[in-house]
Amino acid sequence: THFGFRDVPVAEKQKLVGEVFSSVAGKYDLMNDLMSLGIHRVWKRYFVGTCQVKRGDRVLDLAGGTGDIALLLRDRVGATGSIVLGDINGEMLKVGRDRMTDRGVVAGIEFVECNAEKLPFPDASFDLVTIAFGLRNVTDKDAALREMQRVLKVGGQARVLEFSEVKADWFKPIYDFHSFNILPKLGKLFANDADSYQYLAESIRKHPPQDELKAMMEAAGFARCSYRNLSAGIVAIHTGYKA
Ligand code: SAM
(Lines give C-alpha, C1' and ligand atoms only; values in the text may rest on other atoms or scores of the structure.)
Protein backbone atom coordinates (compact mmCIF):
# COMPACT_ATOMS: atom_id res chain seq x y z
CA THR A 1 0.00 0.00 0.00
CA HIS A 2 1.17 3.47 -0.77
CA PHE A 3 0.22 6.35 1.51
CA GLY A 4 -1.43 8.97 -0.71
CA PHE A 5 -0.78 11.64 1.90
CA ARG A 6 -1.37 14.62 -0.33
CA ASP A 7 -5.12 14.11 -0.64
CA VAL A 8 -6.24 12.53 2.60
CA PRO A 9 -8.53 14.34 5.05
CA VAL A 10 -7.17 15.63 8.36
CA ALA A 11 -8.37 12.88 10.71
CA GLU A 12 -7.11 10.28 8.26
CA LYS A 13 -3.73 11.97 8.02
CA GLN A 14 -3.37 11.99 11.79
CA LYS A 15 -4.10 8.27 11.89
CA LEU A 16 -1.62 7.53 9.12
CA VAL A 17 1.10 9.56 10.83
CA GLY A 18 0.37 7.56 13.97
CA GLU A 19 0.78 4.32 12.06
CA VAL A 20 4.04 5.49 10.54
CA PHE A 21 5.62 6.17 13.93
CA SER A 22 4.20 3.07 15.61
CA SER A 23 5.62 1.06 12.77
CA VAL A 24 9.10 2.59 12.89
CA ALA A 25 9.42 3.14 16.69
CA GLY A 26 11.67 0.14 17.38
CA LYS A 27 13.98 0.90 14.48
CA TYR A 28 13.76 4.66 14.74
CA ASP A 29 17.20 5.38 16.20
CA LEU A 30 19.04 3.01 13.88
CA MET A 31 17.24 4.45 10.85
CA ASN A 32 18.15 8.02 11.76
CA ASP A 33 21.80 7.09 11.86
CA LEU A 34 21.63 5.22 8.56
CA MET A 35 19.64 7.85 6.70
CA SER A 36 21.69 10.82 7.80
CA LEU A 37 25.05 9.04 8.13
CA GLY A 38 24.94 10.04 11.79
CA ILE A 39 24.75 13.76 11.01
CA HIS A 40 21.41 14.15 12.84
CA ARG A 41 23.41 13.81 16.06
CA VAL A 42 25.51 16.84 15.13
CA TRP A 43 22.41 18.89 14.24
CA LYS A 44 20.71 17.96 17.51
CA ARG A 45 23.81 18.75 19.55
CA TYR A 46 24.09 22.16 17.90
CA PHE A 47 20.36 22.78 18.33
CA VAL A 48 20.42 22.08 22.07
CA GLY A 49 23.84 23.68 22.60
CA THR A 50 22.59 27.02 21.26
CA CYS A 51 19.21 27.12 23.05
CA GLN A 52 18.49 29.85 25.58
CA VAL A 53 18.37 27.71 28.73
CA LYS A 54 20.04 27.57 32.12
CA ARG A 55 20.31 25.33 35.16
CA GLY A 56 17.04 24.91 36.99
CA ASP A 57 14.86 25.72 33.96
CA ARG A 58 11.66 23.89 33.11
CA VAL A 59 11.69 22.73 29.51
CA LEU A 60 9.18 21.13 27.16
CA ASP A 61 10.40 19.01 24.26
CA LEU A 62 7.51 18.40 21.91
CA ALA A 63 7.30 15.46 19.51
CA GLY A 64 10.20 14.26 21.64
CA GLY A 65 9.97 10.68 20.38
CA THR A 66 12.75 8.50 21.72
CA GLY A 67 14.31 11.35 23.65
CA ASP A 68 17.49 12.48 21.89
CA ILE A 69 16.73 16.15 22.56
CA ALA A 70 15.50 15.55 26.11
CA LEU A 71 18.75 13.73 26.93
CA LEU A 72 20.86 16.60 25.63
CA LEU A 73 18.67 19.16 27.41
CA ARG A 74 19.08 17.29 30.65
CA ASP A 75 22.76 18.26 30.79
CA ARG A 76 21.82 21.88 30.32
CA VAL A 77 19.10 22.21 32.97
CA GLY A 78 20.98 20.06 35.51
CA ALA A 79 19.53 18.19 38.46
CA THR A 80 17.48 21.19 39.60
CA GLY A 81 15.78 21.59 36.23
CA SER A 82 12.95 19.55 34.79
CA ILE A 83 12.11 18.28 31.35
CA VAL A 84 8.76 17.26 29.94
CA LEU A 85 8.96 15.01 26.91
CA GLY A 86 5.66 15.20 25.03
CA ASP A 87 4.72 13.01 22.09
CA ILE A 88 1.45 11.91 20.52
CA ASN A 89 2.68 8.36 20.07
CA GLY A 90 2.81 5.98 23.03
CA GLU A 91 5.13 3.57 21.22
CA MET A 92 7.77 6.22 20.61
CA LEU A 93 7.52 7.34 24.25
CA LYS A 94 7.92 3.76 25.41
CA VAL A 95 11.08 3.24 23.34
CA GLY A 96 12.41 6.52 24.76
CA ARG A 97 11.58 5.64 28.34
CA ASP A 98 13.12 2.15 28.03
CA ARG A 99 16.28 3.59 26.53
CA MET A 100 16.61 6.12 29.33
CA THR A 101 15.85 3.55 32.01
CA ASP A 102 18.66 1.40 30.57
CA ARG A 103 21.00 4.32 30.92
CA GLY A 104 19.67 5.19 34.39
CA VAL A 105 18.75 8.73 33.42
CA VAL A 106 14.98 8.71 33.77
CA ALA A 107 14.98 11.05 36.81
CA GLY A 108 14.04 14.61 35.96
CA ILE A 109 12.27 13.64 32.75
CA GLU A 110 8.50 13.37 32.62
CA PHE A 111 6.80 11.56 29.72
CA VAL A 112 3.47 12.95 28.57
CA GLU A 113 1.39 11.54 25.74
CA CYS A 114 -0.05 14.65 24.10
CA ASN A 115 -0.92 16.32 20.82
CA ALA A 116 1.20 19.40 20.04
CA GLU A 117 -1.95 21.09 18.71
CA LYS A 118 -3.64 21.03 22.12
CA LEU A 119 -1.21 20.96 25.02
CA PRO A 120 -2.36 19.81 28.48
CA PHE A 121 -0.24 22.47 30.24
CA PRO A 122 -1.19 25.84 31.75
CA ASP A 123 -0.16 29.16 30.18
CA ALA A 124 3.35 30.41 30.86
CA SER A 125 4.70 27.19 32.38
CA PHE A 126 8.00 26.64 30.51
CA ASP A 127 11.26 28.56 30.07
CA LEU A 128 12.00 26.84 26.76
CA VAL A 129 9.92 24.83 24.30
CA THR A 130 11.63 22.75 21.61
CA ILE A 131 10.36 20.63 18.74
CA ALA A 132 12.86 18.70 16.63
CA PHE A 133 11.90 16.87 13.47
CA GLY A 134 8.34 16.97 14.70
CA LEU A 135 6.55 20.02 13.35
CA ARG A 136 6.34 18.66 9.81
CA ASN A 137 4.31 15.71 11.09
CA VAL A 138 1.79 17.90 12.88
CA THR A 139 -1.45 18.36 10.93
CA ASP A 140 -2.31 21.86 12.16
CA LYS A 141 1.11 23.52 12.44
CA ASP A 142 -0.35 26.96 13.19
CA ALA A 143 -2.23 25.54 16.17
CA ALA A 144 0.94 23.84 17.43
CA LEU A 145 2.93 27.08 17.16
CA ARG A 146 0.20 29.00 19.01
CA GLU A 147 0.24 26.38 21.76
CA MET A 148 4.03 26.59 22.05
CA GLN A 149 3.68 30.34 22.45
CA ARG A 150 0.93 29.98 25.03
CA VAL A 151 2.80 27.62 27.38
CA LEU A 152 6.01 29.71 27.27
CA LYS A 153 6.85 32.14 30.06
CA VAL A 154 7.43 35.75 29.02
CA GLY A 155 11.01 36.03 27.79
CA GLY A 156 11.09 32.30 27.06
CA GLN A 157 12.35 30.85 23.80
CA ALA A 158 10.76 28.51 21.27
CA ARG A 159 12.98 26.53 18.95
CA VAL A 160 12.15 24.42 15.94
CA LEU A 161 14.64 22.05 14.31
CA GLU A 162 13.25 20.76 11.04
CA PHE A 163 14.09 19.74 7.52
CA SER A 164 13.97 22.74 5.27
CA GLU A 165 14.75 23.87 1.74
CA VAL A 166 18.20 23.01 0.39
CA LYS A 167 19.87 26.20 -0.81
CA ALA A 168 22.86 24.77 -2.71
CA ASP A 169 21.88 24.01 -6.33
CA TRP A 170 24.61 21.45 -6.94
CA PHE A 171 23.41 19.45 -3.96
CA LYS A 172 19.71 19.30 -4.89
CA PRO A 173 19.88 16.33 -7.33
CA ILE A 174 21.97 14.32 -4.89
CA TYR A 175 19.56 15.11 -2.09
CA ASP A 176 16.53 14.16 -4.21
CA PHE A 177 18.14 10.89 -5.20
CA HIS A 178 18.88 10.13 -1.57
CA SER A 179 15.32 11.00 -0.47
CA PHE A 180 13.36 9.16 -3.12
CA ASN A 181 15.64 6.23 -3.98
CA ILE A 182 18.08 5.45 -1.19
CA LEU A 183 15.80 6.31 1.70
CA PRO A 184 12.84 4.04 0.85
CA LYS A 185 15.33 1.25 0.04
CA LEU A 186 17.00 1.64 3.42
CA GLY A 187 13.51 1.59 4.94
CA LYS A 188 12.71 -1.63 3.14
CA LEU A 189 16.03 -3.27 3.94
CA PHE A 190 16.36 -2.40 7.64
CA ALA A 191 12.82 -1.77 8.82
CA ASN A 192 10.94 -3.79 6.17
CA ASP A 193 8.86 -0.68 5.68
CA ALA A 194 9.45 1.32 2.49
CA ASP A 195 6.09 3.14 2.74
CA SER A 196 6.88 4.87 6.02
CA TYR A 197 10.15 6.17 4.66
CA GLN A 198 8.52 7.24 1.42
CA TYR A 199 6.11 9.20 3.61
CA LEU A 200 8.99 10.81 5.49
CA ALA A 201 10.59 11.97 2.24
CA GLU A 202 7.28 13.42 1.05
CA SER A 203 6.62 15.16 4.35
CA ILE A 204 10.00 16.88 4.09
CA ARG A 205 9.12 18.24 0.62
CA LYS A 206 5.80 19.57 1.77
CA HIS A 207 7.09 21.30 4.88
CA PRO A 208 7.09 25.13 4.65
CA PRO A 209 10.50 26.49 3.65
CA GLN A 210 12.56 28.85 5.84
CA ASP A 211 10.83 32.20 5.28
CA GLU A 212 7.34 30.73 5.27
CA LEU A 213 7.87 29.00 8.62
CA LYS A 214 9.31 32.21 10.05
CA ALA A 215 6.14 34.06 8.96
CA MET A 216 4.01 31.33 10.56
CA MET A 217 5.87 31.83 13.85
CA GLU A 218 5.25 35.55 13.68
CA ALA A 219 1.57 34.94 13.00
CA ALA A 220 1.44 32.63 16.04
CA GLY A 221 2.55 35.55 18.20
CA PHE A 222 6.28 35.02 18.56
CA ALA A 223 8.60 38.03 18.75
CA ARG A 224 12.09 38.42 17.25
CA CYS A 225 11.74 35.42 14.93
CA SER A 226 14.80 34.27 13.02
CA TYR A 227 16.29 31.17 11.46
CA ARG A 228 19.65 29.65 10.71
CA ASN A 229 20.38 27.05 8.05
CA LEU A 230 22.52 24.02 8.85
CA SER A 231 24.14 21.88 6.15
CA ALA A 232 23.07 24.23 3.34
CA GLY A 233 19.45 24.19 4.47
CA ILE A 234 18.91 20.44 4.70
CA VAL A 235 17.72 21.47 8.13
CA ALA A 236 17.02 24.87 9.69
CA ILE A 237 16.66 26.09 13.25
CA HIS A 238 13.88 28.62 13.79
CA THR A 239 13.82 30.72 16.93
CA GLY A 240 11.15 32.93 18.45
CA TYR A 241 10.47 34.50 21.85
CA LYS A 242 7.45 35.23 23.95
CA ALA A 243 7.39 38.96 24.47
N1 SAM B 1 12.26 14.74 18.35
C2 SAM B 1 12.65 13.34 18.11
C3 SAM B 1 13.97 13.32 17.40
O4 SAM B 1 14.42 14.39 16.97
O5 SAM B 1 14.56 12.25 17.28
C6 SAM B 1 11.57 12.57 17.33
C7 SAM B 1 11.23 13.06 15.96
S8 SAM B 1 10.16 11.98 15.06
C9 SAM B 1 10.73 12.19 13.41
C10 SAM B 1 8.63 12.78 15.03
C11 SAM B 1 7.78 12.58 16.27
O12 SAM B 1 6.65 13.45 16.19
C13 SAM B 1 7.20 11.18 16.42
O14 SAM B 1 7.62 10.63 17.64
C15 SAM B 1 5.69 11.39 16.38
O16 SAM B 1 4.98 10.51 17.20
C17 SAM B 1 5.58 12.82 16.84
N18 SAM B 1 4.34 13.53 16.48
C19 SAM B 1 3.71 13.53 15.28
N20 SAM B 1 2.62 14.30 15.31
C21 SAM B 1 2.55 14.83 16.57
C22 SAM B 1 1.64 15.71 17.23
N23 SAM B 1 0.57 16.21 16.61
N24 SAM B 1 1.89 16.02 18.53
C25 SAM B 1 2.95 15.51 19.18
N26 SAM B 1 3.85 14.68 18.61
C27 SAM B 1 3.65 14.33 17.32
Within the range 30-53, residues being touching a residue at least 60 places away in the same chain (Cβ under 8 Å), within 10 Å of the ligand (Cβ to nearest atom) and more than 25 Å from G240 (Cβ to Cβ) number 1
Looking across the range 1-20 at residues that are surrounded by 16 or more Cβ atoms within 10 Å (Cβ to Cβ) and touching an Asp or Glu at 6+ places or on another chain (Cβ under 7 Å), the single one that is modelled with the highest pLDDT is F5
Looking across the range 161-201 at residues that are of a type in the set (D, E, K, R) and modelled with pLDDT of 90 or more, the single one that is nearest to the chain's Cα centre (by Cα) is E162
Next on the checklist: Please determine whether any residue of the range 31-50 is more than 28 Å from H178 (Cα to Cα) and either part of a strand (DSSP E or B) or acidic (D, E) (or both).
Outcome noted: no
(message) Within the range 47-69, does at least one residue satisfy the condition of being at pLDDT 95 or above and at positive phi?
(response) yes
Restricting the range 103-134 to residues that are within 13 Å of the ligand (Cβ to nearest atom) and among the small types (G, A, S), the one farthest from the chain's Cα centre (by Cα) turns out to be A116
Residue count, the range 139-155, condition crowded, with 17+ Cβ neighbours inside 10 Å and touching a Lys or Arg at 6+ places or on another chain (Cβ under 8 Å), comes to 3
Subset of the range 57-99, residues more than 13 Å from the ligand (Cβ to nearest atom), in a helix (DSSP H, G or I) and crowded, with 20+ Cβ neighbours inside 10 Å, comes to R74, V77
Residue pairs qualifying under the 6 Å Cβ cut-off, at least six apart or on distinct chains, with the first in the range 139-158 being more than 14 Å from K118 (Cβ to Cβ) and the second being more than 10 Å from the ligand (Cβ to nearest atom) and of a type in the set (F, W, Y), are L152/F126; Q157/Y241
Query raised in the report: Among the residues of the range 142-149, is any farther than 23 Å from L73 by Cα, within 16 Å of the ligand (Cβ to nearest atom) and not aromatic (F, W, Y)?
Result: yes
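The values are calculated or read from the model by the stated rules, or taken from the named source; none is laboratory data. Just so you know, these numbers come straight off a predicted model, no measurement behind them. Heads up, the Cβs are rebuilt from the backbone with ideal geometry, glycines too, and the neighbour counts pull from every protein chain shown.
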